[in-house]
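The values are calculated or read from the model by the stated rules, or taken from the named source; none is laboratory data. Remember, predicted model here, so these are calculated numbers, not experimental data. We place every Cβ from the backbone using ideal geometry, glycine too, and count neighbours over all the protein chains shown.
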Amino acid sequence: MRYMRLMIFNFVIIIIGLFHFTPVIAQDIELTIIGNTESVPDELTMNQLKSILRGEKLRWDDGKGIKIALMKTNTPVGTGTCEKIYDMTGNELNKYFLALVFQGKVKAPTFFNSVNELESYVSQTPGAIGVSHNSTTDLIKIVSIDGKNAF
Amino acid sequence: MTRSKLRIVHIISILICLSVHLKLSAQRTQIKGFVAVQAYQEDGKFNFGIGEQDLFITSELNDNFSFLGETVFKFSPNSSTQFNISVERIIVNYNYKGNHNALIGKHHTPTHYWNDTYHHGRVFFPTIERPLLFAAQTLPIHTTGLAMQGFNLGKLKFGYNIMIGNGIGSNDVVDNDSYKSVTAAIHIKPKDKLQLGLSFYNDVISEGADLHHDITVDEKINQQLYTATIAHFGRKFEFLAEGTLASNHANSTGTVNSFTSYLYTGVRIKDKLIPYIRIDYLDYQDEEIYFIKDDTFSFLAGMRYEISYLIVVKMEYQHIDKEMQGNRDLFNTQIAIGF
């Protein structure tokens, strides 16, 4: 009986632990699209966003070059970006851009380790668009996607 | 000039130098490399070998200009070091509007999807080696010249590439004659990961021109290449087929048509594992004087294991049946990496 109670106690502890310490998985992360205040539009459709972030469009409507800023694919925001926007794994995304750059068709995106670095780059680089999470700085604009500021 | 004016001039000079330096240091340059090592069974013995080492450099010079360079270090038995350096691509790209570029330099001629996509990056190749139409030298792999290029235009993601350059028989610095080669390639992407393409290549090859396969052309040849491509690289299925009708016209033979092609297909059965096959078929008309008339049929079956996008292992069996050289069976294993 005592052994049984101990087992139940351990089981409950493990379940509570799992709820508390399970890391935020990529699908749960809300993504925010941020842009430099110069050239980047205030709103886009999801299809337009996907096309831009896939490197299919090189310039904004005012002629300024598009510069893509992404979190590294091994970060939670990077993994969420791969899944929600590119429909690829991190490995597939890296291969996709390496192949396109190798063909000379696009400029490589800039990858970052932290959201702060990414937001700093976007705020200082005209034409830059990036995928962030819970952005709070006033130095960049939030680009609404299909009318939403986060998805 | 007074001392104070001189000082101002000095300060302005220093500021100009600093601003130039800052602009230059803002330039983004990336260096990548690709290499492969192989183990293969041939002529009754087992061999190890290293493949080409490909050095790939890109640099964004400003918002409009960029540079791409690809240099290969490869085995060459005739060199004193047994290695040669080969400049494969040197391209200065000017993005003048939207998705439209003007490019000048040495290019991979965009007649074929394979030549325009994989270049020398073995880690990208779906099979260990290129299709046999490359080894048979039936296409002009490089063109040095000027290109106008556009891509992802409109709903069908239309793309074009018009290239004018030194023709066959010329080298990287001088044309061997006054004729220029013209390449026109178009493609559409009607669905995600599907590309349909057509290309046309025209050149006049002068009498006396030295060709890559140690042949000197005895008389002037007018050459046209018509190529069709279907490429689909989805998450599950991969399919790539290219066929070229080569038309060579000489006064002594009239117009001679040869057909070269290959078909590749693979299925991703697990996340990283892709079994595949490739069939190569080269058929030359009897009167052919420009290509080496060596009708070829080859069947290849293999397995690709993608450890990551930078490390790929391939194992293959290939049966080649050639008119001049007879039958051969090859077993080959390759580890291709990007670094």
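Given the options A:Ser132, A:Ser120, A:Ser114, name the one that is more than 10 Å from chain B (Cβ to nearest Cβ), polar (S, T, N, Q) and closer than 23 Å to B:Asn62 by Cβ.
Testing whether each residue is more than 10 Å from chain B (Cβ to nearest Cβ), polar (S, T, N, Q) and closer than 23 Å to B:Asn62 by Cβ leaves just A:Ser120.
Limited to segment A:48-91, what total is found for residues that are of a type outside the set (Val, Ile, Thr), part of a helix (DSSP H, G or I) and either away from chain B (no Cβ under 11 Å) or within 16 Å of A:Val106 (Cβ to Cβ) (or both)? Steps first, please.
Within segment A:48-91, the subset of a type outside the set (Val, Ile, Thr) is A:48-51, A:53-65, A:67, A:69-72, A:74, A:76, A:78, A:80, A:82-84, A:86-88, A:90-91.
Right, trim to part of a helix (DSSP H, G or I) and you get A:48-51, A:53, A:76, A:78, A:80, A:82-84, A:86, A:90-91.
Then keep just the ones that are either away from chain B (no Cβ under 11 Å) or within 16 Å of A:Val106 (Cβ to Cβ) (or both); that gives A:48-51, A:53, A:76, A:78, A:80, A:82-84, A:86.
The number of residues fulfilling the criteria is 12.
Quickly run through segment B:121-137 and pick out the residues that are farther than 18 Å from B:Phe299 by Cα and out of contact with any helix residue (DSSP H, G or I) (no Cβ under 9 Å at 6 or more places or on another chain).
B:Arg122, B:Gln137
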Among the residues of segment B:60-83 satisfying the criterion of being more than 10 Å from chain A (Cβ to nearest Cβ) and touching a residue at least 24 places away in the same chain (Cβ under 8 Å), which is farthest from the chain's Cα centre (by Cα)?
-> B:Leu61
For A:Ile29, are the conditions met, namely being buried (at least 18 other Cβ atoms within 10 Å of the Cβ) and at pLDDT below 95?
-> yes
Identify the single condition in (1) over 25 Å from B:Ser199 (Cα atoms); (2) within 12 Å of chain A (Cβ to nearest Cβ) that B:Ser86 does not satisfy, given that it satisfies every other one.
-> (2)
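So, in segment B:9-60, of the ones that are among the hydroxyl-bearing types (Ser, Thr, Tyr) and modelled with pLDDT under 75, which residue ends up nearest to A:Lys67 (Cα to Cα)? Show your work before the answer.
So in segment B:9-60, the residues among the hydroxyl-bearing types (Ser, Thr, Tyr) come out as B:13, B:19, B:25, B:29, B:40, B:58-59.
After this cut, where a residue has to be modelled with pLDDT under 75 as well, the list is B:13, B:19, B:25.
Details: B:Ser13: 32, B:Ser19: 22, B:Ser25: 17 Å.
So, considering only residues that are among the hydroxyl-bearing types (Ser, Thr, Tyr) and modelled with pLDDT under 75, the one nearest to A:Lys67 (Cα to Cα) is B:Ser25.
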Residues in segment A:82-106 that are farther than 22 Å from B:Lys236 by Cβ and either surrounded by fewer than 22 Cβ atoms within 10 Å (Cβ to Cβ) or in contact with a Leu (Cβ under 6 Å, 6 or more places away or on another chain) (or both): how many?
-> 5
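Given the options B:Ile50, B:Ile57, B:Ile104, name the one that is free of Cβ contacts under 8 Å to residues at least 60 places away in the same chain and away from chain A (no Cβ under 14 Å).
Working: B:Ile57 fails: away from chain A (no Cβ under 14 Å); B:Ile104 fails: away from chain A (no Cβ under 14 Å).
Within the list B:Ile50, B:Ile57, B:Ile104, the selection yields B:Ile50.
Residue by residue through segment B:198-210, note down the ones that are surrounded by fewer than 16 Cβ atoms within 10 Å (Cβ to Cβ) and of a type outside the set (Gly, Ala, Ser).
Keep residues of segment B:198-210 that are surrounded by fewer than 16 Cβ atoms within 10 Å (Cβ to Cβ), which gives B:198, B:200, B:207-208, B:210.
If the condition is that a residue be surrounded by fewer than 16 Cβ atoms within 10 Å (Cβ to Cβ) and of a type outside the set (Gly, Ala, Ser), then B:Leu198, B:Phe200, B:Glu207, B:Asp210 are the ones that fit.
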